[in-house]
1. Could you grab the relative contact order for the chain? Cα pairs under 8 Å, six or more apart, rounded to a whole percent.
2. Where the only charges are on Cβ atoms (+1 Lys, Arg; -1 Asp, Glu), what is the dipole of the chain about its Cα centre, to the nearest 20 debye?
3. Counting only DSSP beta bridges with both residues in the stretch 251-371, what percent are antiparallel, rounded to the nearest 5?
4. Compute the distance in nm between two label points, each set 7 Å from the Cα along the Cα-to-Cβ direction, one at ASN258 and one at ARG376.
5. Peptides 177-187, 359-369, 534-544: what's the order by average Cβ count within 10 Å, highest mean first?
6. Which number do you get for Rg(Cα) / (2.2 N^0.38 Å) in the stretch 398-623?
7. Taking the alpha-carbon set of the stretch 382-459, what are its Rg and Dmax in Å?
8. Out of every Cα-Cα pair in the stretch 69-110, what percent are more than 14 Å apart?
Amino acid sequence: MTIVAVMEGACPRLEEQIRLLGWPRVAAPGEGGRNDERAVMVREAFTPQALIDCLSPPWIGGIEAAGSGGHPVGSCFRRHLAEGGLGLSLRSDTAYGADIAVPFADALATRLLAPGTDSFDLGFVVQELVSNALLHGNLEVGGIDCEGGGGLEGFGERIEAALGDPGRAGRRVQISASVVGDRLEVAVEDDGPGFDHVDGHANPRRPHGLALLESMVSDLHTEEGGRRAIATMVIPTRQLRAEPLGLDDVRVLVVDDNLMNRVLMETLLRRMGVGQVETVESGEKGLAAIEREKPDLVLLDVMMPGMDGFEMCRRLRRLHPLTELPVIFVTALDGPADRNACFAVGGSDMVAKPIDANEVAARVGVHLRLGQAMDRLTAYQDRVHEELRAARGAQAALMPTSAELSSIRIRQGLVVDGRIESSSELGGDFWTVLPAGPNQMFLLVADFTGHGPVAAFNVFRLHLLLSRLPRRMPTPSALLEYLNLELKAVLRSGQFAAAFAALIDVEEGVMTYAGAASPPAVLVVDGEVRFLDADGPPLGAFVDAEYEESRIALPRGAALLAYSDALVESQGSDGRMACDQETLREWVLGAQPGHSLADEVLARFREKVPGEPPDDLTLVSIRRP
């Protein structure tokens with residue numbers, strides 16, 4: 001693709017600059033005689049009509065020579081035009097007076113976007129970028145709320161003064177855009193002193209300019225000290241239209257007793273680009289061909305000697321369901337009863353004889369492309385399933401290993417056992433034990449809102465936060481306060497976590513604990529059950545959250561069960577709550593001596609709630625034999 005400059009009345013300085021760009025100078029678009037030339041209109045000054053014309057084919061934009069700007073073409077401008085985009089390089093007063101943002105956005109929509117695309121948002125984005133470059137950049141006016149005041153009237157006076165200043169009014173502003181991958185990239189470059197950030201100028205209660213654009217585009221950043229702003233938007237473009245799916249690897253079986261019909265069908269299919277076509281003359285041979293190698297589509301005649309098309313379709317449907325192998329009946333029978341019969345035996349579609357080539361091509365194309373789309377969907381689902389399974393394995397690896405739990409039992413005499421039952425392939429529950437000293441151990445059980453990939457990602461976040469803890473573990477309340485502040489900064493609105501934290505000191509025989517919206521843990525001592533209320537605010541919900549600690553004896557023979565709320569909030573198969581507090585008390589007291597409370601309670605829960613639980617369920621038990 002060659003860019004050429006069509007110059008009219010330009011000064012020698014501009015001619016030299018265009019020459020240095022490597023753009024050939026021609027007298028008119030197409031004057032070079034090449035079909036791949038793209039023309040830029042270069043004028044000393046632009047009339048309103050010239051501005052409209054240079055955004056319409058065969059032009060790809062324009063450059064206005066007059067002005068105080070030293071460089072008529074910036075780096076983004078030049079790159080966007082080379083990539084097939086559009087661009088304008090204008091004096092500030094020209095761009096301001098022509099309100100160029102709207103016609104430029106309309107030209108982008110017409111020439112780069114898919115038909116019917118609403119360009120309103122694009123027009124707004126271009127308008128704000130251009131306004132930023134003109135007002136904050138070239139004209140150095142600032143906003144309505146800037147220092148100097150005067151409100152809207154003062155703002156207008158400052159603009160008039162700037163436009164009356166040849167130095168500022170003549171500065172150049174460049175607007176350009178092109179498709180980059182799956183996005184439309186829009187850039188605006190100015191010659192001003194640089195306006196790099198809006199925080200110190202914008203009213204946070206009424207965001208405008210670049211601050212407002214940040215919530216509308218995929219990415220927005222500035223370069224050259226603020227003299228260049230680049231925004232990217234994910235929108236449908238003409239350059240991204242889906243290409244026809246290839247049929248080179250497609251196999252079609254034609255079953256027809258008439259030789260001429262078979263030849264005609266094969267010719268039509270080959271012309272469509274179908275790579276493999278097999279023809280047979282009977283239903284029996286058609287079934288044998290399918291058994292030998294399953295095709296992607298079957299074109300099947302109805303009236304054939306021996307096994308007719310209806311019987312062949314009945315038999316193949318016993319092995320290949322409708323969604324797996326489409327069958328198009330080709331028949332002279334065209335009455336309502338005949339159509340019903342075709343679909344009743346498992347046909348996917350019909351083509352009436354005498355054969356119409358366009359109809360055959362259309363119906364065959366639909367079913368082959370649908371089959372290819374289903375194959376891609378199946379492959380995508382398989383890949384997602386494998387990735388989720390790998391992610392689940394990575395998530396499981398965050399929990400304590402059997403070797404770590406054995407080490408705790410040897411060093412501290414505590415038997416720790418944990419179970420997580422996820423309601424989907426990825427869950428939002430987490431538990432871990434952390435060393436806190438020679439005779440101390442820390443327990444943390446957390447349950448993030450929701451389940452699936454988002455909740456699982458939050459689990460990884462929590463694990464990362466724990467890896468940053470100092471060697472000397474904080475108290476349970478201090479740990480929850482630290483996690484709350486960190487999670488508050490990263491969790492989206494509406495996301496939070498319930499948590500139970502406990503510090504066990506086996507030398508003193510005590511446990512200090514605190515909770516964040518967690519259900520009460522269960523402590524069993526000498527056959528008595530006690531529910532440990534520790535109800536602080538959830539993690540990540542409030543910046544100034546505080547968590548109270550409690551201290552309780554943990555003598556030898558005691559057992560602790562911490563759990564997520566799915567245990568006491570799930571409905572059983574009878575529609576009633578599977579486990580309330582009294583039921584949990586019975587399950588805990590009914591556990592066999594020396595057995596894991598987590599395993600015992602989980603077994604009873606599964607009896608009431610078979611299959612996957614409605615929410616992620618975590619059970620962690622600690623025994624001190």
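Read the figures in this text as sums done on the coordinates, not as results from a lab. Quick caveat, the model's predicted, so the values are computed rather than measured. Every residue, glycine among them, receives a Cβ derived from its backbone with ideal geometry; neighbour counts consider all protein chains shown.
1. Numbers: 1167 pairs, mean separation 45.7, N = 625.
Relative contact order, the chain: 7 percent.
2. Details: 59 positive and 90 negative charges, 245 e Å.
Dipole magnitude for the chain comes out near 1180 debye.
3. Details: 0 of 17 bridges.
Counting only bridges with both partners in the stretch 251-371, antiparallel ones make up about 0 percent.
4. That separation, rounded to one decimal, is 3.6 nm.
5. Details: 177-187: 20.8, 359-369: 16.6, 534-544: 19.0.
Descending mean neighbour count gives 177-187, 534-544, 359-369.
6. On the way: Rg = 16.6 Å, N = 226, 2.2 N^0.38 = 17.3 Å.
The reported ratio for this selection is 0.96.
7. 14.5, 48
8. Details: 470 of 861 pairs.
It works out to 55 percent of all Cα pairs.
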